[in-house]
Amino acid sequence: MTQLFSPNYLPFTFALGLMIGLLVLELVALLLGLSLHGSESDLDISPEILALQASFDLPSDATPDVPALLDASDALHGAELNAATPDTPTGLLEILGLRGVPLMIWLAALLFSFGVSGYVVQGIASAITGASLAALIAAPLAAAVALVFTRSFARIFARLVPRMETTATSAQFMGGLRGTVTQGTARAGSAAEVRLRDRHGNLHFMRCEPFHDADIIPEGAEVITVREKLGPSQWGLRILAIA
């Protein structure tokens, strides 16, 4: 055990200790209803997309301009597609594997792989030569392995992110989606089932009421969603008929 705190092993022990510390802080934050890697509302979203999303926040007494909302929906869809397919995929973020991955996830993977790689390097060196390498020699070797592993892990993780997002997309990010009332008639106090397609092409079936209490939207009607703020970090959806 004392060997793990010797100068030759100390960088790797420190890395694993830091990773464990971050995990403990994350657990404490989750117990307090927070998170170190942020919530959906903290994602790196461009001001253009935020402004377009805000177009679908209407006061309850508003008279919606449906054609303007449809134009905003088209613009939002285009902006989100552009954000999902950046023009410079070979930049530094892509090389490091940081694109599309929360920083805390990337950092935890880097610390873990650096620490484990360092122990493996030192173990191999001890088995061959009978002594561990100096930290200045072992650390660069472990860092190279850690960067390769972290980049590969991050790419796999990033490919899974759209699936996780679209299977449980928050109502906060579903304003401006178009859909069809597939079951029932939407009226005040009686939500109907609405089929919506998100920007990834996946379908969602939501229970929604009309934007105005006086509106009655029959089955088969084409609709567009607007957002309803229910509380801190809580959103709902209402629908407007597309004439």
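The values are calculated or read from the model by the stated rules, or taken from the named source; none is laboratory data. These numbers were taken from a predicted model, which means no experiment stands behind them. Cβ: placed from backbone, ideal geometry, glycine included. Neighbour counts: every protein chain shown.
Listed values, structure above:
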{"read-out": "Residue check for VAL194: at pLDDT 75 or above and out of contact with any Gly (no Cβ under 6 Å at 6 or more places or on another chain)", "value": "no"}
{"read-out": "Residue match in segment 229-238 (condition: closer than 16 Å to LEU76 by Cβ and either modelled with pLDDT under 90 or not assigned by TED's automatic domain parsing to the domain that holds ALA62 (or both))", "value": "yes"}
